[in-house]
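Only one structure is covered here, and it is reproduced in the block below.
Read-outs throughout are calculated quantities, based only on the coordinates presented, and are distinct from any laboratory measurement. Model, not experiment: these values are computed from the prediction. Here the Cβ is made from the backbone with ideal geometry for all residues, glycine too, and neighbour counts use every protein chain on show.
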Amino acid sequence: MNWRNGCIGAAAVLLAACGSDEEPTANTSAPEADAEETTTAAAEPETWGFALEEIEGSVQYEYGAKFAELINEKTDGEVEVKLYTYGQLGGLTDIYDQVQSGAVQFAFGSGFLGGTVPESQLFSLNFVLTDNEKTNAEILNAPEFRKNEDLVASFRERDLQPLAIVPEGWQVWSANKEVRSPADLDGLALRTMDNRLLRETYSAYGADPTTMEYGELFSGMQLGQLDGNIQPVFAHQEMDFYKVQDYLIFANQAEFIATFMANSPWYDGLSQERKDVIEEVVTELVPYTHDVQTRLNTERLDIITENSDIKLVYLTPEERAAFRELSLPVRDVFSEMVGERGTRLMNALLEQVEKAEAGKAGAAKAEPAAEQPEAEAEEPAMDDAA
Ligand code: 6CS
């Protein structure tokens with residue numbers, strides 16, 4: 001899709017207008033059935049609404065499409081999942097409001113979710129995960145973390161049930177100048193998603209963090225209101241952002257991470273059978289989505305380089321280390337913002353990461369030749385600084 005042709009520089013309000021005029025039906029599992037004759041209503045499948053923060057062709061869309069297919073298959077056609085892409089239900093926070101109220105049953109929530117679930121800003125922390133994307137997807141979705149009672153409680157307190165943690169690839173900086181050190185970011189109006197943790201992180205790096213809705217970014221950069229942006233590669237391409245930037249800078253400081261979540265009162269009312277199907281599907285989607293995101297990000301980087309003369313910058317381990325050092329005090333800001341429960345959660349994640357690193361080091365010692373999975377080995381060297 002050419003996003004700009006559809007919704008050029010649109011504000012959230014306009015985004016709603018250029019999406020579909022279909023509205024999700026509040027708190028119902030079978031909205032279409034309500035209007036039907038009772039004789040035909042019995043044959044109607046249940047419909048579950050699922051709001052995405054991204055457009056067609058994105059990682060979230062691929063996740064949603066596969067989720068819909070598997071749910072339909074595993075419920076013998078009794079359930080259909082209807083996807084609402086970014087813009088159809090308004091802006092990002094509108095999506096969260098709708099899943100909290102039960103107007104849709106499922107949604108993705110990433111950086112902007114920090115205003116609704118402050119603990120979710122954990123996924124915005126820099127230099128916390130390992131350098132291996134597959135390992136990160138596994139750590140985040142292992143029951144030890146995904147079902148961690150502090151994680152679940154922080155979402156449930158806001159009428160949300162976290163179901164899966166979905167990494168969508170490395171967050172890559174774009175700018176109109178080469179960035180290799182914090183000094184290069186000095187005073188740069190760098191767009192961050194709307195959460196305090198990201199603002200604190202990029203202030204610590206020396207930038208001037210600026211918040212703007214996703215759908216406004218292209219014109220924000222084109223008009224010079226923004227000097228830079230932070231997105232996974234696929235989004236730099238599909239939203240045309242790369243066309244108004246000169247450099248893409250790979251620091252592997254963090255992945256773009258979204259939480260797949262349900263409205264919790266609705267989820268609690270599901271039969272155990274339905275809950276089991278959802279659990280089966282989100283588990284199957286962990287390796288599936290890792291493959292999808294690595295493929296999309298690789299293919300889109302090819303498109304970007306074929307269609308522009310944008311320069312690619314890969315930070316060295318020494319260059320990364322300078323950013324990492326500045327990011328460490330932001331962990332204390334996270335603790336201060338979310339209190340004891342969130343701090344326990346951060347420590348639980350750090351512990352899982354440490355365990356995975358120790359396991360990797362042990363395996364490398366035992367069998368030096370088998371240390372790197374193929375996909376990761378192809379990427380430019382970015383030694384672990386986490
Ligand atoms: O930067 C943003 O606001 C958006 N970026 C992506 C890749 N997904 C959704 C998010 O809101």
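Quick notes
- With R₀ set to 22 Å, the beta-carbon distance separating residue 303 from residue 65 gives a calculated FRET efficiency near 0.60.
- For region 160-200, the extents of the C-alpha atoms along the principal axes are 41, 21, 15 Å, listed from largest to smallest.
- In summary, the aspartates and glutamates within cross-link reach of residue 365, defined as a Cα separation below 16 angstrom excluding same-chain residues under 8 places away, comprise 357.
- Counting only Cβ charges, +1 for Lys and Arg and -1 for Asp and Glu, the dipole size of region 46-362 around its Cα centre is about 500 debye.
- Nonlocal amide H pairs with residue 212, under 5 Å, H built at 1.01 Å: 192
- Over all pairs of different C-alpha atoms in region 46-362, the reciprocal of the mean inverse distance, the Kirkwood hydrodynamic radius, equals 19.9 Å.
- Normalised by the number of residues in region 46-362, the average gap of Cα pairs under 8 Å and 6 or more apart makes the relative contact order 25 percent.
- Cross-link partners of residue 275 among lysines (Cα-Cα below 24 Å; sequence separation of 8 or more within a chain): 66, 74, 82, 147
- Positive-end extreme of charge dipole, region 75-167 - chosen from 155, 165, 115 (charges on Cβ): 115
- Candidate lysines - alpha carbon under 24 Å from residue 177, same-chain residues fewer than 8 apart omitted: 243, 311
- With the simple spin-label model, which puts each label point 7 Å out from Cα in the Cβ direction, the residue 72 to residue 361 separation comes to 4.9 nm.
- Long-range HN-HN contacts of residue 82 with modeled amide H, under 5 Å: 48, 49, 50
- Cut-off under 5 Å, modelled amide H: who pairs with residue 258 long-range: 166, 168
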